[in-house]
Amino acid sequence: MLTPRDLPSVDRLIRAARTTGDEAAPHTLLLEAARTELAAARTQLRDGALATDDLLTTLAERVRVRVADALRPSLRPVLNASGVIIQTNLGRAPLSSAALAAMARVGGGYSNLEYDLERGGRGGRGVHLEGLLTRLTGAEAALAVNNNAAAVYLALLALAPGREVIVSRGQAVEIGGGFRIPDVLRQSGATLVEVGTTNRTYAHDYAAAITERTALLMRVHSSNFRLVGFVHETPLDEMAAVGRAHGVPVLDDLGSGTLLPTAPYGLAPEPTVQASVASGADLITFSGDKLLGGPQAGLIVGRRDLIEQLRRHPLARALRVDKTTIAGLEATLRAYLSGTALDELPVWRMISAPLAGLQARAEALAAQLRAAGLAAEVAPCRSAVGGGSLPGETLPSVAVAIKPGPDGADALAARLRAGSPAVVARIAEGRLLLDLRTVFVEQDELLLRQLLAS
Ligand SMILES: *Cc1c(COP(=O)(O)O)cnc(C)c1O
């Protein structure tokens, strides 16, 4: 029977952990881990809860695990087999090689971020993106901030404090993560004026609510939910006509927005930024890391005088984007300009991936898993675009379905999440589904290895 008197000294435990583990582990981490494990072992021995024939080796291994945990990055890559292409919890849009290369090139050194190389003096960081954004969307002017929530907030702060913003009752929504349109309006000092009903709002509802206190008409993309049935949303061009007639600008929060049409992939049409500009919205905001497929950012395009007001607002500085984001966004936008977005941007590669290719990969993977004794087969499934775009819309896809052992699908999913890299799958009818639409082709090998190891 072991007692606390059998415990090794801190020094002896550290020496043992060193020889069995990472030679380069910093002493401070080893010391902290050894003290923690000795204290835990003391309690366990007293309670008779530690049974081992080699106390030193057992504790040294625990110390090693603890040190390795402390040295492991917290933010690390994940294999996304969930089938949700733009998954906010998994970091939204994976970046293109060109975006990553641009971010590394600019981030690792100095750049002309705010420096006019021709004149040899101070420049503006806005110039790197504005030309691209105006060319791609048809808008007069453009500005990038930290994310779309910041874009909406800045627009309201600059244009509406102390005044009224008219929003359809069906659009006074929560986007997620506690971002609620009525709350954001209040925080910016504006007053929300709701018009219409939850399901139907007409142009004349907006017109009737306009007073001399009205700062904006605002449209909000319904993002992650959909109203169906007896529904009427006022088309943006009708809102813009009402706005123009009364001299009130229209702010359009597109949420995801997109520069490419979604209909060719059998999806409902997600509103394009170009269409919003063409419909006459005065200011349009959208995310950089949803369907655009770039880094986290909020993009604002629209009338030059309004964009200037936003740029000059004292809070614009607090919401500005850094050099690596600008570099990644510029490379992402250039893919649209050169017509290579579908091939270059992972989000669009996944959306447009043909079923036949997914089917072939699933068959190859399932065959290899079966050869190793796992109950794996190919199963049709549906992928989601996610990211608050196209609510309820799915794409046909192909999954590898695994029938778990006696401990069940939840246990198998947990083991896959604990792997390195972690694999995130989904469970349907007691089976584990690995949707290949969101797994990159070059990750199939790695996915197989993780499945065989779990
Ligand atoms: C996603 C979304 C936002 C927030 O955008 P972030 O880039 O996540 O800050 C705001 N409004 C709508 C309609 C959205 O879909």
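The values are calculated or read from the model by the stated rules, or taken from the named source; none is laboratory data. Source: prediction; values computed, not measured. Reconstructed Cβ throughout: ideal geometry from the backbone, glycine too, with neighbour counts over all protein chains shown.
Remarks
- Selection count where residues are surrounded by fewer than 20 Cβ atoms within 10 Å (Cβ to Cβ), more than 23 Å from residue 305 (Cα to Cα) and in contact with a strand residue (DSSP E or B) (Cβ under 6 Å, 6 or more places away or on another chain), scope the range 248-293: 0
- Residue within the range 65-87 that is surrounded by 15 or more Cβ atoms within 10 Å (Cβ to Cβ), out of contact with any strand residue (DSSP E or B) (no Cβ under 6 Å at 6 or more places or on another chain) and among the charged types (D, E, K, R) present: yes
- Taking the numbered list (1) farther than 30 Å from residue 335 by Cβ; (2) surrounded by fewer than 21 Cβ atoms within 10 Å (Cβ to Cβ); (3) over 20 Å from the mean Cα position of the chain (by Cα) in turn, residue 417 passes all entries but (3).
- All positions within the range 90-111 that are aliphatic (A, V, I, L, M) and assigned to a loop (DSSP other than H, G, I, E, B): 93, 95
- Contact map, the range 178-194: first residue modelled with pLDDT under 90, second residue within 11 Å of the ligand (Cβ to nearest atom) and part of a loop (DSSP other than H, G, I, E, B), Cβ cut-off under 8 Å, separation 6 or more or different chains; the map is empty.
- Some residue of the range 287-309 being of a type in the set (A, V, I, L, M, F, W, C), away from the ligand (no atom under 16 Å from the Cβ) and touching a residue at least 12 places away in the same chain (Cβ under 8 Å): yes
- Single residue of the range 365-392 satisfying the filter (out of contact with any helix residue (DSSP H, G or I) (no Cβ under 9 Å at 6 or more places or on another chain) and touching a residue at least 40 places away in the same chain (Cβ under 8 Å)) that is surrounded by the most Cβ atoms within 10 Å (Cβ to Cβ): 389
- Subset of the range 127-139 that is touching a residue at least 24 places away in the same chain (Cβ under 8 Å) and either touching a strand residue (DSSP E or B) at 6+ places or on another chain (Cβ under 6 Å) or surrounded by fewer than 16 Cβ atoms within 10 Å (Cβ to Cβ) (or both) - its residue that is farthest from residue 337 (Cα to Cα): 139
- Residue in the range 165-186 that is in the same structural domain as residue 247 (by TED's automatic domain parsing), more than 16 Å from the ligand (Cβ to nearest atom) and acidic (Asp, Glu) present: no
- Taking the criterion of being basic (Lys, Arg) and assigned to a loop (DSSP other than H, G, I, E, B), the only residue of the range 149-180 that qualifies is 163.
- When residue 104 is tested against (1) within 15 Å of residue 252 (Cα to Cα); (2) hydrophobic (A, V, I, L, M, F, W, C); (3) more than 16 Å from the ligand (Cβ to nearest atom), just one condition goes unmet, and that condition is (1).
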